[in-house]
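Notes follow the structure.
The values are calculated or read from the model by the stated rules, or taken from the named source; none is laboratory data. Model, not experiment: these values are computed from the prediction. Ideal geometry is used to build each Cβ from the backbone, glycine not excepted, and the neighbour counts take in all protein chains shown. Each accessible area value is taken on the protein alone, full model and side chains, heavy atoms only, with ligands, DNA and RNA left out. Shrake-Rupley method; radii C 1.70, N 1.55, O 1.52, S 1.80 Å.
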Amino acid sequence: MYTNHRAVLTKLINLLEIRLKRTRLISRPLTITLEPTLRCNSNCIMCNRNFNRKEDKASQGFLSWEILNKAKPFFRHAKSVLFGGFGEALMHPDYIPMLKAIKQEGPFVFFFTNGILLTEETGVALANGGIDRISISMGGATRSTFHKIRGVDAFDQVVENIQRLDAYKKKRNLKKPVLAFNVVAMNSILEEFEALIHLAKRLGVESVTMPNMVVQGDSLMEESIWHHEERARESIQRTAALAKAMGIHYAPPNLDRCTVDCHEFFKKFAINWDGTVMSCALERYIVGDLKENTMEEIWNGPGMRGLRKRYFEEGIQRVCPNCFCWDNRPEAYFHPSKNAREFAEKLF
């Protein structure tokens, strides 16, 4: 759904430019990721911060208003803005006023949170600030599993926070923010897939998405449901039937081996809290820095144009080898590239 009419025109122009194999684009990014901070108050066992991103774990920085204002001209053309990143977004002291500034430009705005700081006051402020969707990263349907996966004993607190926000929505007859669960599919959670649907229904959560886990280190290999495929498929089938019966939108982990095309270089802009800009959220390439350049200079700069040119000449398989975004096979999840900005190739 497009809440921003300018984004509809952006999409049409963008599709034409890809078809014409343009590297310098008139169209603007349809989706923008704007990272508030790398700080986090949980310690998830599958998080890349505990593996390739260990240096980022110590980062204490916050997105500045200077960087946000530099990004602002592109918001009005975007279909959506993910106002979040690798840290816990709600730890940013100016998160609510920054959210309002983004919403003034018209895009659909959403973010991911562990829910710990989603207090009654913050939930009300988010709803009144215009956030469209809140995706809560759940570590299971029970306190013990949540504690094991998320690294903090906060299950009861998160559930209570969601309950209060749902109650506020009902009291005010609000459709937004849409509440969602984002659950990384892991072997430890497999037996709780159906229980998560029941929990979602009880809390007013409208959708449950379960992406495949990326094996960031050898210690996680047995947690991959690709290693328990038959049992996982049976669980997914039961969960899908239950979600349909309960009216919950369910996006299960994809266990069908396939490849797809990827147009991230033409449609997305990923801005880190410090102003550096990545080719996409998986951080293989650094294409610019908003402390030094404008959005336009980076969007059509040598880094992005070079990647688009390589995409047309070599294909996404050569530009981004072994990436699970276009290659849905176990191998891409078992042996991912070092998707961390300290290992990224600088292209400007």
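Some points to look at:
- Taken along the Cα-to-beta-carbon direction at a fixed 7 Å, the label points for A101 and L9 span 2.6 nm.
- Within the chain, the whole DSSP H helices whose Cα atoms reach 18 Å or more along their own axis and whose mean Kyte-Doolittle score is at least 0.0 are 5-19.
- Computed over the alpha-carbon pairs of region 79-193, the distance histogram in 10 Å steps reads 14, 45, 32, 10, 0 percent, short to long.
- Most fluctuating residue given options S188, S59, S224, as computed from a GNM of the chain linking Cα atoms under 10 Å: S59
- Pairs of alpha carbons in region 159-272 whose separation is greater than 24 Å (percent): 40 percent
- Cα-based equivalent ellipsoid of region 55-142: semi-axis lengths in Å, sorted from largest, via gyration tensor: 22, 17, 12
- The listed residues K72, K176, K346, once ranked by accessible area (1.4 Å probe) with the largest placed first, stand as K346, K176, K72.
- Note on the chain: Cα Rg divided by 2.2 N^0.38 Å, N the number of residues, gives 0.97.
- Amide proton proximity set for V109, modelled H, under 5 Å, gap of 5+: V81, D132, R133
- Accessible surface of the chain [probe 1.4 Å, protein heavy atoms]: carbon and sulfur percent: 53 percent
- Exposure rank, largest accessible area first [H198, H249, H92, H5; 1.4 Å]: H5, H249, H198, H92
- Given their separation in residues at 0.36 nm each and the Cα-Cα distance between them, E191 and L255 gain 21.3 nm when the chain is fully extended.
- Across E121, E17, the residue with the most accessible area heads the list, and the full order at a 1.4 Å probe is E121, E17.
- Label zone of T294 (point 7 Å out along Cα→Cβ, amide N under 19 Å): in region 18-38 this covers 24-30.
- Per principal axis, descending, Cα span of region 244-338 in whole Å: 51, 33, 22
- Accessible area expressed per residue, the chain, with surrounding protein chains retained (probe 1.4 Å, Å²): 44 Å²
- Of the residues S219, S135, S279, the one that moves most in a GNM of the chain with alpha-carbon contacts below 10 Å is S219.
- Computed over region 1-70, the convex hull of the alpha-carbon atoms projects to a mean area of 8.0 nm².
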